[in-house]
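Notes follow the structure.
The values are calculated or read from the model by the stated rules, or taken from the named source; none is laboratory data. Everything numeric here is computed off the predicted structure, so don't read it as measured data. Don't worry about glycine lacking a Cβ; one is built from the backbone with ideal geometry, like all the others, and counts go over all protein chains shown. For the accessible areas, the whole protein counts, side chains as well, though only heavy atoms, and no ligand, DNA or RNA atoms are used. Shrake-Rupley method; radii C 1.70, N 1.55, O 1.52, S 1.80 Å.
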Amino acid sequence: MLRRSIRASSSAAARYFSAAADAAEELSLSKDGEVKGGGKGGDTLCRRLMSLVHAKRSAAVTVRKWKEEGHSLRRFDLSRSVRELRKLKRYKHALEICEWMQQQDDIQLAPGDYALQVDLIAKLHGLARAQKFFDELPANLKGQHTYSALLHTYVQHKETAKAEALMKKMSEYGYLKYALPYNHMLSLYISDGQLDKVPEVLQELKKNTSPDLVTYNLWLSVCASQNDIETAEQVFMELRKSRLVADWVTHSTMANLYIKMAVIGKAKATLREMEKWSCKKNRAAYSSLLSLYTHIGDKDNVIRIWKKFKDSFRKLNDAEYICMVSSLVKLDDIKKAEIVFAEWESVTGTRDTRVPNVLLAAYINKNQMETAEDFYINSMVQKGIPPSYTTWELLTWGYLKQKDVEKAVTNFKKAIGSVKKWEPDEGLIKEVFKLVESQGDVEVAENLLLALRQAGHMTTEIYNFLLRTYLSSGKMPLVVAERMEKDKVKPDKETHSLIKETSKLCISDTSSRFLDKA
């Protein structure tokens, strides 16, 4: 919950420089190009731009054609379209419109337009290109907006030294008269775990300007990470004394802290306040409420919030169903979790593996492997939901519990092969090899070694597992030292001891069959 709270606060800081433009949920352009909220109507430039689903299609061509048809175009309207496309992560099309506007003699861009362009270039082409674009801007177009956009880019790329240097320059130019740059730095230090730098940033901020709501939310997230209720309450009181109004993120952070410190009365009161901020503009608040009520074991309120959630929105997304199914599993109500899952099946077409994985994990954790297998076959395979790495990993753990070496190894190998870049779980590797070692199955051990080599993960411990398996089987492996050298793995004391012990045993024909694959 704390990580979610910090992410929410950091994300708010990252988006803040375009918050005013992003406030409208649905924008459309009227025939003369004027931006209006959510109107139904006929052909508009916005609808044409939104219909460019494929990145290969050109937004600039669409805008040019619109103009050729006799429609007027204003910079303000195009800029709003750029922001809307950016909000939808349609960065290529957004940047194409920016570049088209730049080429028009009759459109004079504002500093905010260039700031957006810095951000879009960084997202599409990387930090170096964004830096080059910024450096080549004329001096009169560089202001607090473009500097803040570049700072935001440094923060996103975790370029701490560059961000700190840019802050000094912004201070020299007098661009630190508002909270946003400081929020960027707070977000950077929090994400990097440099919490010792937070007080200094806050002190500098207060010298030059006033904290905004994002500042307070980031500050509270630090208090929560340090389990510091006293300071958090002081910060919250300072927020209330200012002209700012706490939002759902503020209350979520406070409630999370109270729950962690077992101050349940205050947690419940905070959650009631938080619920007031759960509306169509803040749907993430509902998921947070579900998780927080789950952590205090309040199933009645979890079910009530879920009903309110569904009543408030025409359709819920996969992540929201995952949140509810997970909450019910944690509350040990598998039956209700199954009902919510069945509801998800009936309304979704996404086939998101993460949703059934929650129930699959629940069955396996309860040692209901037969139920887990039936669920996997009937609710995933037969319904065309593709298994993910997590699916195979869960099944591996389930079969490890049953000491079914064949199925455990089969699913473990499927897990490794299901991803382009595997991030090894040393605990899982250890448990799989321990099971293989206990059964002295050198054939399976060699196959595992081969699979791990193909995945690019070879360690001394893996070779030691292999040697212990040979020892357990009473057989001697061949040329282990040479194979380790080829795999660039260094033997340790245990390796040398195991090689010495196994050298006294009968030679196994198994290792010879795997030498060609080494």
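Kindly establish whether Arg283 is under 15 Å from Trp248 (Cβ atoms) and at pLDDT below 95.
On the way: under 15 Å from Trp248 (Cβ atoms): yes; at pLDDT below 95: yes.
When the stated conditions are applied, Arg283 passes them.
Across the stretch 257-288, what is the number of residues that are part of a helix (DSSP H, G or I) and surrounded by 20 or more Cβ atoms within 10 Å (Cβ to Cβ)?
Initial filter on the stretch 257-288 (part of a helix (DSSP H, G or I)): 257-260, 264-275, 284-288.
Those still in the list that are surrounded by 20 or more Cβ atoms within 10 Å (Cβ to Cβ) too: 257-259, 267, 270-271, 274, 285-288.
Adding up the residues that qualify gives 11.
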Just give me the residues in the stretch 193-211 being more than 27 Å from the chain's Cα centre (by Cα) and among the β-branched types (Val, Ile, Thr), in sequence order. Thr209
Looking only at residues that are among the β-branched types (Val, Ile, Thr) and open to solvent by less than 10 Å² (accessible area, probe 1.4 Å) in the stretch 247-256, which one is nearest to the chain's Cα centre (by Cα)? Thr253
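Within the stretch 457-503, can you find the residues that are open to solvent by 70 Å² or more (accessible area, probe 1.4 Å) and closer than 28 Å to Gly417 by Cα?
Of everything in the stretch 457-503, those that are open to solvent by 70 Å² or more (accessible area, probe 1.4 Å) and closer than 28 Å to Gly417 by Cα turn out to be Glu461, Glu482, Glu485, Lys486, Lys488, Lys490.
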Determine the pairs where a residue that is farther than 22 Å from Thr469 by Cα, located within the stretch 402-426, has a partner that is crowded, with 20+ Cβ neighbours inside 10 Å and among the hydroxyl-bearing types (Ser, Thr, Tyr) with Cβ atoms under 7 Å apart, the partner being 6 or more residues away or on another chain. Ala415/Thr396
Breaking point among (1) charged (D, E, K, R); (2) within 25 Å of Asn357 (Cα to Cα); (3) open to solvent by 30 Å² or more (accessible area, probe 1.4 Å), for Glu320: (3)
Does any residue of the stretch 508-518 turn out to be touching a Cys at 6+ places or on another chain (Cβ under 8 Å), open to solvent by 50 Å² or more (accessible area, probe 1.4 Å) and basic (Lys, Arg)? no
Residues that are over 23 Å from the mean Cα position of the chain (by Cα), of a type in the set (D, E, K, R), under 22 Å from Ala361 (Cα atoms) and assigned to a helix (DSSP H, G or I): does the stretch 289-302 have at least one? yes
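Determine whether the stretch 87-95 contains at least one residue that is open to solvent by less than 40 Å² (accessible area, probe 1.4 Å) and not hydrophobic (A, V, I, L, M, F, W, C).
Taking the stretch 87-95 and keeping what is open to solvent by less than 40 Å² (accessible area, probe 1.4 Å), we get 93-95.
Cutting the leftovers down to not hydrophobic (A, V, I, L, M, F, W, C) gives us 93.
There is at least one residue in the stretch 87-95 that is open to solvent by less than 40 Å² (accessible area, probe 1.4 Å) and not hydrophobic (A, V, I, L, M, F, W, C).
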Among the numbered conditions (1) open to solvent by 10 Å² or more (accessible area, probe 1.4 Å); (2) under 22 Å from Lys493 (Cβ atoms); (3) in a helix (DSSP H, G or I); (4) not polar (S, T, N, Q), tell me where Ala445 comes up short. (1)
Pairs needed: first member in the stretch 374-389, in a helix (DSSP H, G or I); second member anywhere, of a type outside the set (S, T, N, Q) and at pLDDT below 95; C-beta distance under 6 Å; at least 6 residues apart or different chains. Tyr389/Val419
If you check Ile416 against the conditions, is it open to solvent by less than 20 Å² (accessible area, probe 1.4 Å) and not in a helix (DSSP H, G or I)? no
